[in-house]
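Values quoted throughout were computed directly from the atomic coordinates according to the rules given, and no laboratory measurement underlies them. Keep in mind the model is a prediction, meaning the values are calculated, not measured. With ideal geometry, Cβ positions are generated from the backbone for all residues, glycine too; neighbour counts draw on all protein chains shown.
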Amino acid sequence: MIYTHNLMKIFLDTADLDEIRAANETGLIDGVTTNPTLILRSGKTLPEVAKQLVEEFPHFESVSTEVVADTAEEMIAQAQQYIAMGSAITVKLPCTVEGLKACRILNKQGIKTNVTLIFNASQAILAAKAGATYVSPFVGRLDDNSIAGLEVVRSIAEVYRIYRVETKVLAASIREVHRAVRSWYNGAEVVTMPPQVFWKMYDHVLTDKGLDLFQKDWDAAHAEL
């Protein structure tokens, strides 16, 4: 029997296609998030990156493409070039008055959205009412400002649970494995993380020591044969 799980989704927070390819080979990556800073580092444009991601990784649940504009109309117009690329495209919008106006319109059109720069539960409530597919609380950036980022994740997840909200909590600004795990523990359905954090999820000193011991015992047992 094959079991599938709807929880504990892992997105990569990067626009580096080589890093995405390497992590995707594990079979454990569910999507990608990008932002203007990550696109700048990639040396490509967002349309170039988005098109390649959609074509190369058709199994991804979501490919977030962020729009940068002042009005809802401008955001929606900017998003059209990405929406046409495929169903995985998720339009990433700011939690502003205009951003949530755009979110409502895109939701009615059946387009997935990710409302970003979420820093408290009240913003997440507004985003959910606007029909956001995902909301992205920034754990690391909250911690930087002496606010418990994981507590914000927990409060959003709890209010969504109480009211059976379909919007998914997507924990972002994750810099450590511990913060990723605690985000899931506190109710996030998705965690987006840099590739280096994903690879560190495999690591534990006791695993390394156990492997060394087993290898030595294996070698010793076979040397006696």
The range 10-41, subset crowded, with 18+ Cβ neighbours inside 10 Å and among the hydroxyl-bearing types (Ser, Thr, Tyr), residue farthest from residue 199 (Cα to Cα): 34
Qualifying residue in the range 32-43 (condition: assigned to a helix (DSSP H, G or I), touching a residue at least 12 places away in the same chain (Cβ under 8 Å) and closer than 18 Å to residue 111 by Cβ): no
Count of the range 197-225 residues which are of a type in the set (A, V, I, L, M, F, W, C), within 30 Å of residue 14 (Cα to Cα) and not in a loop (DSSP other than H, G, I, E, B): 5
Any pair with Cβ under 8 angstrom, 6 or more apart, that starts in the range 108-133 at a residue that is within 14 Å of residue 160 (Cβ to Cβ) and in contact (Cβ under 8 Å) with a residue 12 or more places away in the chain and ends at one that is of a type in the set (A, V, I, L, M, F, W, C) and in a loop (DSSP other than H, G, I, E, B): 115/95; 115/130; 115/132; 118/95; 123/95; 126/95; 127/95; 128/165
Within the range 183-196, considering residues that are within 19 Å of residue 12 (Cβ to Cβ) and not in a loop (DSSP other than H, G, I, E, B), the one farthest from the chain's Cα centre (by Cα): 196
Test: residue in the range 35-44 that is out of contact with any helix residue (DSSP H, G or I) (no Cβ under 7 Å at 6 or more places or on another chain) and β-branched (Val, Ile, Thr): yes
Hey, residue 155 buried (at least 18 other Cβ atoms within 10 Å of the Cβ), of a type in the set (Ser, Thr, Tyr) and farther than 28 Å from residue 89 by Cβ or not: yes
Subset of the range 127-143 [surrounded by fewer than 20 Cβ atoms within 10 Å (Cβ to Cβ) and touching a helix residue (DSSP H, G or I) at 6+ places or on another chain (Cβ under 6 Å)]: 131, 143
Members of the range 135-181 found to be more than 13 Å from residue 120 (Cβ to Cβ) and in a loop (DSSP other than H, G, I, E, B), listed by number: 146, 163, 164, 165, 166, 167, 173, 174, 175, 176
Residues satisfying the stated conditions in the range 81-110, i.e. within 23 Å of residue 13 (Cα to Cα), more than 17 Å from the chain's Cα centre (by Cα) and part of a loop (DSSP other than H, G, I, E, B): 84, 85, 86, 96
Subset of the range 160-169 that is over 17 Å from the mean Cα position of the chain (by Cα) and under 22 Å from residue 92 (Cβ atoms) - its residue that is surrounded by the fewest Cβ atoms within 10 Å (Cβ to Cβ): 165
